[in-house]
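S.K.: The structure that follows is given in the form of structure tokens.
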Amino acid sequence: MDKIMQSRMDRGFERYQDEYEKKALEVLRSGWYILGKEDEAFEEEFAKYIGTKYSVGLASGLDALWLAFKVLGIGEGDEVIVQGNTYIASVMGITINGATPVIVEPDEYYQIDADKIEEKITDKTKAVLVVHLYGQAANMTKIVDICKRHNLRLVEDCAQSHGACHNGQITGSFGDFGCFSFYPSKNMGAFGDAGAVTTNDPELARLMKIYRNYGSEKRYYNMVVGANSRLDELQAGLLRVKLTHMDEITKEREELAKVYADGINNDLVIKPVVRDGSTSVWHQYVLRVPSKFDENGKLVGENMRDKFKTYLEEKGITTICHYPIPPHRSEAYAYLNLPEGSLPITERYANEVISLPIYTGMYKEEQERVIEAVNSFKG
Ligand SMILES: *Cc1c(COP(=O)(O)O)cnc(C)c1O
């Protein structure tokens, strides 16, 4: 039997192959390859999709994050609040500028626990970075209110949440900057590296355009030390094609998630839930397989998630853990001095989460095989 991969980017390409190939040829034949009319059109169309006044095309999601903090003037000596269970890029976006990440535990929806933010605010806190993890919009009503009351900047990491909403408002439109990645495996994936920010502030948009291009607005006149983080015309053109299909792409993932929710029926796994008022675009369908832990958060016996992963692998089903090592426990952040046990919920999730296959163009039979395998796991 064919192996079922956790993600299949080829299926996403095949779905709209003719349109992508036509656009690629058009760009290749245009004789213009970086920051041109495709990028301009993309920025306008993407801002419209997110409902912000501006969007600025960049080279990656990580660039979107660190340049957002750079443009906001947040760096050395400043603190930024972020959740513990995220991809390490969120934290690097903060620390590349020299700022300090202050880590908050997640809630049962895997989003930052809004009730634990205020206790972390100090006189050095400058911003909150919200990550809409796995595609679900975080508790934005509370978070926006906290930022307003404490006069904090709000940055959203929307790398996994293209199209997700909270109380009818789309992620990427709540804060000073929405930061997007179009890495190929994301819901709105490009065919190489790409990223963007969204904002309603004309000055922030202007500064972002300066920073992405060597700190220059006028050729050979450099105002600040910037970066080379330009969006190329090929990616911009291909993203314009994908953008016209985002509603279908999201709807398909919602349907796949519903089939999992209805079909998975095994007391050894915990299915994901979506907060009232939020939607998820199901970048990942994440189960939790609890193990036993003692009162200090130390694993007792086998890691059941790892056992479950091996079980599925033997049945030809590939899964991924997002993420097995939380940023505060990675070697890169040893200097934060957050030993094992310092963020027990984050660390427990790292031991328990597992993402099932989900992608554009997933066959019904493939999903049935996954559900059957999940349900037959006996521990
Ligand atoms: C993918 C991802 C990023 C980084 O995006 P790149 O385009 O790979 O730089 C940042 N944050 C989160 C949550 C991500 O999933």
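S.K.: Filter the trypsin sites (Lys or Arg not before Pro) in segment 279-379 down to the DSSP loop ones having no more than 13 other Cβ atoms within 10 Å, then list what survives.
M.R.: K298, K378
S.K.: Taking every pair of Cα atoms in the chain, average 1/r, invert it to obtain the Kirkwood radius, and report Rg/Rh to two decimals.
M.R.: 0.97
S.K.: Place the peptides 34-41, 222-229 in order of packing, highest mean first, counting for every residue the other Cβ atoms within 10 Å and averaging per peptide.
M.R.: Numbers: 34-41: 17.2, 222-229: 14.5.
So the order, starting with the most tightly packed, is 34-41, 222-229.
S.K.: Something else now. Give me the lysines in straight-line cross-link reach of K148: C-alpha distance below 27 Å, same-chain residues under 8 apart excluded.
M.R.: Of all the lysines, those that pass the test against K148 - Cα under 27 Å, at least 8 places apart if same chain - are K48, K53, K70, K116, K120, K124, K126, K209.
S.K.: Considering the dipole of segment 10-243 built from charges on the beta carbon (Lys and Arg +1, Asp and Glu -1) around the Cα centre, which of Q160, Y220, V71 is farthest to its positive end?
M.R.: Y220
S.K.: Please get the size of the charge dipole for segment 246-376, origin at its Cα centre, with Cβ charges of +1 on Lys and Arg and -1 on Asp and Glu, quoted in debye to the nearest 20.
M.R.: Numbers: 16 positive and 22 negative charges, 46 e Å.
So the magnitude is around 220 debye.
S.K.: What does the charge add up to near F377, with Lys and Arg as +1, Asp and Glu as -1, over the other residues with Cβ less than 15 Å from its Cβ?
M.R.: +1
S.K.: What percent does the relative contact order of segment 10-243 come to when contacts are Cα pairs within less than 8 Å and at least six residues apart?
M.R.: Relative contact order here is 26 percent.
S.K.: How would you classify segment 212-298 from its alpha-carbon gyration tensor, with a ≥ b ≥ c the square roots of the eigenvalues: rounded for a/c under 1.5, else prolate if a/b is greater than b/c, otherwise oblate?
M.R.: Note, shape of segment 212-298 comes out oblate.
S.K.: Averaged per residue, what accessible area in Å² does segment 10-243 show with a 1.4 Å probe, protein chains only? Intermediate results must be reported in sequence, preceding the final value.
M.R.: On the way: 9540 Å² over 234 residues.
Solvent-accessible surface per residue comes out at 41 Å².
S.K.: Return the single residue from P357, P339, P327 with maximal mean-square fluctuation; model: Gaussian network over the chain, springs between Cα atoms under 10 Å.
M.R.: So, out of P357, P339, P327, the one fluctuating most is P339.
S.K.: If you don't mind, another one. Explain nothing, just the number: dipole magnitude of the chain about its Cα centre with +1 on each Lys and Arg Cβ and -1 on each Asp and Glu Cβ, in debye rounded to the nearest 20.
M.R.: Result for the chain is approximately 400 debye, rounded to the nearest 20.
S.K.: Ok, one more. Grab the Cα-Cα distance for N167 and A41, subtract it from 0.36 nm times how many residues apart they are, and report the gain in nm with one decimal.
M.R.: 42.5 nm
The values are calculated or read from the model by the stated rules, or taken from the named source; none is laboratory data. Here the structure is a predicted model, which means the values were calculated and not measured. Heads up, the Cβs are rebuilt from the backbone with ideal geometry, glycines too, and the neighbour counts pull from every protein chain shown. Remember, those area values only see protein heavy atoms, side chains included, never the ligands or the DNA or RNA. Shrake-Rupley method; radii C 1.70, N 1.55, O 1.52, S 1.80 Å.
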